[in-house]
Amino acid sequence: EPEVTQTPSHQVTQMGQEVILRCVPISNHLYFYWYRQILGQKVEFLVSFYNNEISEKSEIFDDQFSVERPDGSNFTLKIRSTKLEDSAMYFCASSEGTGPRELFFGSGTQLSVL
Amino acid sequence: QKEVEQNSGPLSVPEGAIASLNCTYSDRGSQSFFWYRQYSGKSPELIMFIYSNGDKEDGRFTAQLNKASQYVSLLIRDSQPSDSATYLCAAEKAAGNKLTFGGGTRVLVKP
């Protein structure tokens, strides 16, 4: 069964360092997303990406965040200068087409900022 | 701020019983609604979605939507211990748009 894959599964970094979280969405999907979940809190939307550009972003997704689809298969989230409050589980997701449809989530990257 | 609200639980149900989960949303522009199951430390998995008023059944699960009351519910029939998880309600305004998640209801099914 096709799945969204994320690497690494765990990332520990020092405050102020840059991190890149990587995702390979399902191959025929057109919409790509990043969500995050701080421990014990809601799943929060960060950004959506369609047709090689950001289609929507949340207030969380400030200038420290960026996304890229560098090669037609990978989808990355970069945090330029990490803060303690960026510690969370980051989920990549993808979906196909239009209309109500399933959002397939990856298994997540647990980011710990020390 | 547009919110999706759920009772955090835990909702404790005996094995074989019906679990009833509720969700309310504040944005009347929301069109589609999703129920996800999330086991501790894992990613959300879709159970079902609904976008028309009324009931929608899928196996042991039934989703109900009432747009006038801005209310979505999920019934789990014949609850099993493996159904013990956090159930997330999510709303979407238009296809391809973001999902706004509720905080989830933790369900415990006791043998």
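The figures follow:
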read-out	value
Test: residue in segment A:81-91 that is within 11 Å of chain B (Cβ to nearest Cβ) and either farther than 26 Å from B:Lys93 by Cα or out of contact with any Phe, Trp or Tyr (no Cβ under 7 Å at 6 or more places or on another chain) (or both)	yes
Failed item in (1) loosely packed, with under 14 Cβ neighbours inside 10 Å; (2) more than 28 Å from B:Thr86 (Cα to Cα); (3) touching a strand residue (DSSP E or B) at 6+ places or on another chain (Cβ under 9 Å); (4) not aliphatic (A, V, I, L, M), with A:Thr13 passing the rest	(1)
Leading residue by the ranking (farthest from the other protein chains (Cβ to nearest Cβ)) among those in segment B:24-55 that are in contact (Cβ under 8 Å) with a residue 12 or more places away in the chain and touching a Ser or Thr at 6+ places or on another chain (Cβ under 7 Å)	B:Gln38
Members of segment A:97-114 found to be surrounded by fewer than 17 Cβ atoms within 10 Å (Cβ to Cβ) and more than 10 Å from chain B (Cβ to nearest Cβ), listed by number	A:Ser112, A:Leu114
Residue count for segment A:42-57, restricted to those that are assigned to a loop (DSSP other than H, G, I, E, B) and either buried (at least 17 other Cβ atoms within 10 Å of the Cβ) or touching a residue at least 24 places away in the same chain (Cβ under 8 Å) (or both)	1
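So that you can scan it fast, the table gives a plain yes or no per residue for (1) in contact (Cβ under 8 Å) with a residue 24 or more places away in the chain; (2) touching an Asp or Glu at 6+ places or on another chain (Cβ under 6 Å); (3) assigned to a loop (DSSP other than H, G, I, E, B):
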residue: A:Glu3; (1), (2), (3): yes, no, yes
residue: A:Leu21; (1), (2), (3): yes, no, no
residue: A:Gly40; (1), (2), (3): no, no, yes
residue: A:Thr82; (1), (2), (3): yes, no, yes
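No lab work stands behind these numbers, since they all come straight from the coordinates. None of the values given here were measured: they were computed from a predicted structure. Glycine gets a Cβ as well: all are built from the backbone with ideal geometry, and neighbour counts include every protein chain shown.
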